[in-house]
1. Out of the residues in the stretch 86-121 meeting the condition of being over 15 Å from the mean Cα position of the chain (by Cα) and among the small types (Gly, Ala, Ser), tell me which one is nearest to TYR29 (Cα to Cα).
2. Condition test on ASN80, is it surrounded by fewer than 19 Cβ atoms within 10 Å (Cβ to Cβ) and in contact with a His (Cβ under 9 Å, 6 or more places away or on another chain)?
3. Looking only at helices (runs of 4 or more DSSP H) that lie completely in the stretch 98-206, which have at least 3 residues being touching a Lys or Arg at 6+ places or on another chain (Cβ under 7 Å)?
4. Restricted to the stretch 19-60, and to residues that are among the polar types (S, T, N, Q) and either crowded, with 16+ Cβ neighbours inside 10 Å or in contact (Cβ under 8 Å) with a residue 24 or more places away in the chain (or both), which residue is farthest from the ligand (Cβ to nearest atom)?
5. Mind checking which residues of the stretch 61-76 are in contact with a helix residue (DSSP H, G or I) (Cβ under 6 Å, 6 or more places away or on another chain) and more than 14 Å from the ligand (Cβ to nearest atom)?
6. Of everything in the stretch 128-153 that's touching a helix residue (DSSP H, G or I) at 6+ places or on another chain (Cβ under 8 Å) and over 14 Å from CYS189 (Cβ atoms), which residue is surrounded by the fewest Cβ atoms within 10 Å (Cβ to Cβ)?
7. Residues to consider are THR174, THR193, THR178, THR201; find the one that is at positive phi and at pLDDT 85 or above.
Amino acid sequence: MATITIDGITLEVEEKENVLEAALENGIYIPHLCHHPDLPDNGSCRMCIVEVEGMDEVTPSCTLKPRDGMVIHTTTERVNKLRTLALELLLAGHPEDCSTCPKYGNCELQTLIQYIGANNARMRTRTKGIKANEDNPLLIHDMNRCVLCGRCVRACNKLRGVGVLDFRKKDLETYVGTLHDQLLADVDCRFCTACAEVCPTGSIRDKMQLINTDLKREEALVPCKGECPAHTDIP
Ligand code: FES
């Protein structure tokens, strides 16, 4: 166990968990986006940055292991400024049509925008211009709404062990897709829909609304023990 202080609150936490999880478990909210409790962290979105006394740089709390005596601040002026800038940069490549997005009202990005109070007015915006792929059964991939958090890639690779989704590049644009943009069925996707479940935006969507959003997270997304659809042959 380690004793740490977050925003003046002293906590006893497991050294193996990260500072973000420790904070959330103890009722201290730190904004986050690429973090998902069922997935390994990659520290890519920078929403969860914090300042640690004795460290020069701000650091993502989702990849920060607690050390005894650590003193952490989650809302300093520097942290707030950098977090807002990181979100504005994300929004610069995201469509501004929240009110017509199918994920409206259930979008983690939208919640963050409201919580942090960011907007992209200072940025030159651009849309990626990638046509939404609706040709797959069950799933719609709309890469214009993707913020490259990598949750779907980690869910497909690490949680389900299928590995058909990855970061790809085309015309300098990074996106998530299959090898050579093949249809999911052609690359052995098992349509477990874990990618859609963990997607924080309207980028990967369950076409037929089969995902039961009323399920508690633990019931909806548990680590696979070999019985999930990903490991069951599809006829
Ligand atoms: Fe920590 Fe994205 S939640 S960097």
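1. GLY117
2. No; evaluated as a whole, the condition is false for this residue.
3. Helices (runs of 4 or more DSSP H) meeting the threshold: 194-198.
4. Here is the first cut: in the stretch 19-60, the ones among the polar types (S, T, N, Q) are 26, 42, 44, 59.
Then keep just the ones that are either crowded, with 16+ Cβ neighbours inside 10 Å or in contact (Cβ under 8 Å) with a residue 24 or more places away in the chain (or both); that gives 42, 44, 59.
Numbers: ASN42: 7, SER44: 6, THR59: 9 Å.
For the stretch 19-60, the residue satisfying everything is THR59.
5. Of everything in the stretch 61-76, just one residue is in contact with a helix residue (DSSP H, G or I) (Cβ under 6 Å, 6 or more places away or on another chain) and more than 14 Å from the ligand (Cβ to nearest atom), namely PRO66.
6. GLY129
7. Details: THR174 fails: at positive phi; THR178 fails: at positive phi; THR201 fails: at positive phi.
Going through THR174, THR193, THR178, THR201 in turn, just one is at positive phi and at pLDDT 85 or above: THR193.
This table checks each residue for (1) assigned to a loop (DSSP other than H, G, I, E, B); (2) of a type in the set (S, T, N, Q); (3) more than 14 Å from the chain's Cα centre (by Cα); (4) in the same structural domain as GLY150 (by TED's automatic domain parsing).
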{"site": "LEU20", "(1), (2), (3), (4)": "no, no, no, no"}
{"site": "ILE28", "(1), (2), (3), (4)": "yes, no, yes, no"}
{"site": "PRO37", "(1), (2), (3), (4)": "yes, no, no, no"}
{"site": "ASP41", "(1), (2), (3), (4)": "yes, no, no, no"}
{"site": "SER44", "(1), (2), (3), (4)": "yes, yes, no, no"}
{"site": "ASP68", "(1), (2), (3), (4)": "yes, no, yes, no"}
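The values are calculated or read from the model by the stated rules, or taken from the named source; none is laboratory data. Just so it is clear, the structure is predicted and the values come from calculations on it, not from any experiment. With ideal geometry, Cβ positions are generated from the backbone for all residues, glycine too; neighbour counts draw on all protein chains shown.
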